[in-house]
1. Within the bounds of the range 253-275, is there any residue that is in contact (Cβ under 8 Å) with a residue 24 or more places away in the chain, polar (S, T, N, Q) and out of contact with any helix residue (DSSP H, G or I) (no Cβ under 9 Å at 6 or more places or on another chain)?
2. Return yes or no: is L83 in contact with a Ser or Thr (Cβ under 9 Å, 6 or more places away or on another chain) and either outside any loop (DSSP other than H, G, I, E, B) or under 20 Å from Q389 (Cα atoms) (or both)?
3. Can you tell me which of (1) at pLDDT 95 or above; (2) assigned by TED's automatic domain parsing to the domain that holds T299 is the one F159 doesn't meet?
4. Restricted to the range 98-133, and to residues that are under 30 Å from V81 (Cβ atoms) and of a type in the set (G, A, S), which residue is surrounded by the most Cβ atoms within 10 Å (Cβ to Cβ)?
5. Regarding L224, is this residue in contact (Cβ under 8 Å) with a residue 60 or more places away in the chain and closer than 21 Å to V319 by Cα?
6. Give the range 167-195 a look and list any residue that's assigned to a helix (DSSP H, G or I), touching an Asp or Glu at 6+ places or on another chain (Cβ under 7 Å) and more than 15 Å from G107 (Cβ to Cβ), or say none.
7. Among the helices (runs of 4 or more DSSP H) confined wholly to the range 275-376, which include 3 or more residues that are over 16 Å from the mean Cα position of the chain (by Cα) and aliphatic (A, V, I, L, M)?
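The values are calculated or read from the model by the stated rules, or taken from the named source; none is laboratory data. Predicted model only: the values in this text are computed from it and were never measured. Positions of Cβ are generated from backbone atoms using ideal geometry, with glycine treated the same way; all protein chains shown enter the neighbour counts.
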Amino acid sequence: MKVLVYTHAFAPKIGGAETYVMLLAGGLTQQSDGAGRQAAVVTVATPTPAGEMNDSSLPFRVIRRPSLRTLLGLMCNADVVHLAGPCLLPMLLGLALRKRVVVEHHGYQAICPNGLLFYEPTKTVCPGHFMARRYRKCLQCEATTVGWVKSTIELLLAFPRRWACKKVSLNLPISHHVRKRVRLPRTRVVYYGIPDLEQRVKPFREERADPGLSGATFAYVGRLVKEKGLPVLFQAVRQLKSAGRDFRLKIIGDGPERANLEEFAVSLGIDSKVSFTGRLQGDALQSLLQDVSVVVMPTLMEETAGLAVMEQMMRGRIVIASDIGGLSEVVDDAGLKFAPGDAAGLASCLQRVLDDPSLRELLGKKARERALRLFSQDRMVAEHLAVYQPPSAADLQKSVIRGTEPNA
C-alpha cells in the first residue's frame, strides 16, 4: 500500500501535529503484512522547509515544498491520501482524482475559521458561531489577531473546507469530543499514539535529582499562549505560597506570552517559586523532568486531545488538568481535574498532591496503565492501517441495512 501523508507543519517544527506525523509515518514503515512484506510505503509531503534537518535519516521519503505538479504526481501514485488536518487544496485535489482521502482532525478547522474554537475578543470558548451562521462574530474574532482582510479570507475559506470534509472517504477526529464538535459523516475516532517511553526512560518514581530539595515539583509543558491559561496556574501558585507550602514550578516551553508571564510572576510575588526554561526537547527535556511529579495543564480552550499529557501519563506522572474538551477525555479518572479558569480549584488539586504524597504513585500508576491501553503507537498505527482499507461490499451492505455509514 502506498500512503501519501500531507501535513502543513512538520519537523523541524515542534508541536503535537508534527510529532503525530513523525510517529505515524515511522510506525507505518515498520509494519509488515501477513506475507512479511512492508505493509505501507510512506511519503510525507509538506511545505515546511528542512532547515538543518537531514531527511535521509528518516525511514520514509519526505518531499518538501512540493509544486502543484509534484503534488499531483504524488497523489496519482498513492493508494491512500492521508491529510494531517483538513488542508483545503490537497483535499480538493484528492477528491478530483477520486482517491481514498482520509482526513485527521487535530483541530476545529472544519467548524471554525481559526481552528481553535476560541473567541479572541473575550478569551473564552467559542459557542460555535460559524456553525450557527453568526459570521460577523467570526470576523470579529479573527480581526482581533490578524486584521479584517485576513479575517475575511479565513471565513470565506471555511465554507469550501467544510464542504470538502463532508465528501472525503473518512474523517479521523483524535477524540470523541472532537467527533461531537465537528459533526462530519464517515467518522472514526483514532487517538494519538506514542512509544512506550519506559524503553528509553523509566516511569516517574519519587526520586529527586537533588536530594537536598523537599516538597513537590510541578511543571507545565507546552506553548506560552493566552489560551493555555497560565495566569490561572500562577494565581493558584500564589495561594500555595501564601499558605507556606514547599514546592517549585517549572514552565517548560516558549511563546509570545513569555515576557508577560515573567512580569506577572514578579507582580504576584511568586518568581522565587517559578522558573522558565524555554523550549526543550529530547534528552534535555527528559533531564529537566526527572524531578517533576505533577504536570499541570490549565488550558482555557477546548483542547482536542493533548499529546503532551499522553506523554506524561505514559511516564507515570500525575496530570492535573482543566475539565474541558478532549483534554478531560484523555485524562479521565487517571488524574485530577478542576473547572477551567478556577484558580482556587486548581490550588485545591495542587494542595491534595502536597498533602498526600501517596497520590503521586497511585495516580501515576493509573495514568500509565491508561496510556499503555489507549495511547500506544502500535495501537495508533494498527488502527490507521485498518481504516486505510476501503470498506468491503459486505460492509457497505451492512451499513445500508443499519442505516449507518461504513467505518463510522
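1. There is at least one residue in the range 253-275 that is in contact (Cβ under 8 Å) with a residue 24 or more places away in the chain, polar (S, T, N, Q) and out of contact with any helix residue (DSSP H, G or I) (no Cβ under 9 Å at 6 or more places or on another chain).
2. yes
3. (2)
4. Checking each candidate, the answer is A110.
5. Considered against the rule, which asks whether it is in contact (Cβ under 8 Å) with a residue 60 or more places away in the chain and closer than 21 Å to V319 by Cα, L224 comes out as no.
6. H176
7. 282-288, 343-355, 358-374
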